[in-house]
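Notes follow once the structure below has been shown.
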Amino acid sequence: MLTFTTLASGSLGNAALVSCGGTHILLDAGISAKRITAGLAELGVKPHQLSAILLTHEHSDHVSGLRVLSKKAGAPIYATRPTLREWYKRNRCDEVKDLFRPQEAGTGVQIGALWAESFPTPHDAAGSVGWSIAGEGGRVVLCTDLGCATEPVRRAVAGCDLLVCESNHDVDWVKSGPYPYYLKQRILGNCGHLSNEAGAELAAFAVESGTKTVVLAHLSQTNNTPARAYDAAALRLLAMGCDLERDVSLSVAPAAGLGRTFVLGKGAVVC
């Protein structure tokens, strides 16, 4: 069975684990190696048991623990060439560079029992991607850090069993909040982050195409709350006639610490 668990999800750091049998893939390494190791231990996985590390992009909240963790794990690191190039420019660590496995956006690779396929995302980073991970029991799509839902994004999301969907901010809170003007423009732009409402629309699209589980993720610590993100998505799903107990499971990934472990099998998600 395919399982998915977030280790952290938010503007201060991101990491998640997808497993199937003895295959374990870490999605992003944006918290300390110590915290990642502790989270993996709670899931019964040691760093050296990781089959691969997949990166979405080079921003620090997605790669801050990579250097130390990679030396422990020794697992291959898959990301686009621009992402890997930017990471190396900032870190100059040849020991980690030897683990790089450049992956062009829109292509896939078999990693043990899992098929991992990237798709381009519109974000202000070098070669930013989301990831679609398929294995026994279903398919998980990680779709965060994007300013708008492009056609490649929608194609990747369509028909997935579990969608990890960005719900980063409340638009009014960003506009009236403490951030400088340039940062507000960045967040609200087409290469920024999905608002609660935009995330809700993407979630609704996914559910219309068959998705049964939606996990809202990458919430801003300053411009959002779990309740606001959940309410926006719930309102949109209810408006299309969904029963949130029968038709779809909707939840919010915690900013720190392990989230719920989702087990995919027989076309459903059991928590």
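Worth pointing out:
- DSSP-defined antiparallel bridges as percent of all bridges, the range 59-204, nearest 5: 65
- Taking all protein chains together, Lys34, Lys89 sort by accessible area into Lys34, Lys89, largest first [probe 1.4 Å].
- Most fluctuating residue given options Asp61, Asp124, Asp247, as computed from a GNM of the chain linking Cα atoms under 10 Å: Asp247
- Per DSSP, loop GluC sites (Glu not before Pro) in the range 114-180 with at most 14 further Cβ within 10 Å: Glu136
- Rounded to the nearest 5, the antiparallel percentage of DSSP beta bridges internal to the chain is 60%.
- Mean residue ellipticity (222 nm) of the chain, computed from DSSP H runs ≥ 4 via -39,500 (n - 2.57), nearest 500: -8500 deg cm²/dmol
- Overall, the chain carries a charge dipole of about 780 debye about its Cα centre when +1 sits on the Cβ of Lys and Arg and -1 on the Cβ of Asp and Glu, all other atoms neutral.
- With Cα atoms defining each centre, the range 109-177 and the range 1-75 are spaced 17 Å apart in the structure.
- Between amide H atoms placed 1.01 Å from N, distances below 5 Å from Ala52 occur with His24, Leu26, all of them 5 or more places distant or on a separate chain.
- For Phe119, the solvent-accessible surface with a 1.4 Å probe is about 10 Å², rounded to the nearest 10.
- Distance cut-off 36 Å, percentage of C-alpha pairs in the chain lying past it: 8
- Once all protein chains are placed together, Glu208 keeps about 130 Å² accessible to a 1.4 angstrom probe.
- Exposure of Arg154 as accessible area (Å², to 10), given a probe of 1.4 Å and all protein chains: 90
- When only the Cβ of Lys, Arg, Asp and Glu is charged (+1, +1, -1, -1), the dipole of the range 39-120 relative to its Cα centre reaches about 300 debye.
- Phi angles across the range 93-102 convert, under the Karplus curve 6.51 cos²θ - 1.76 cosθ + 1.60 with θ = phi - 60°, into 3J(HN,Hα) values of 10, 5, 4, 7, 4, 5, 8, 5, 10, x Hz, Gly and Pro given as x.
- Overall form of the range 1-151 per C-alpha gyration tensor (a/c, 1.5; a/b vs b/c): rounded
- In terms of distances greater than 29 angstrom between alpha carbons, the cross-link table entries Lys34/Lys184; Lys46/Lys97; Lys175/Lys212 yield Lys34/Lys184; Lys175/Lys212.
- Dipole magnitude of the range 127-224 about its Cα centre (Cβ charges: Lys, Arg +1; Asp, Glu -1), debye to nearest 20: 180
- Cα gyration tensor category, rounded, prolate or oblate, for the range 183-254 with a/c compared to 1.5: prolate
The values are calculated or read from the model by the stated rules, or taken from the named source; none is laboratory data. Note that the structure is a prediction, hence the values are computed from the model and not measured. Every residue, glycine among them, receives a Cβ derived from its backbone with ideal geometry; neighbour counts consider all protein chains shown. Each accessible area value is taken on the protein alone, full model and side chains, heavy atoms only, with ligands, DNA and RNA left out. Shrake-Rupley method; radii C 1.70, N 1.55, O 1.52, S 1.80 Å.
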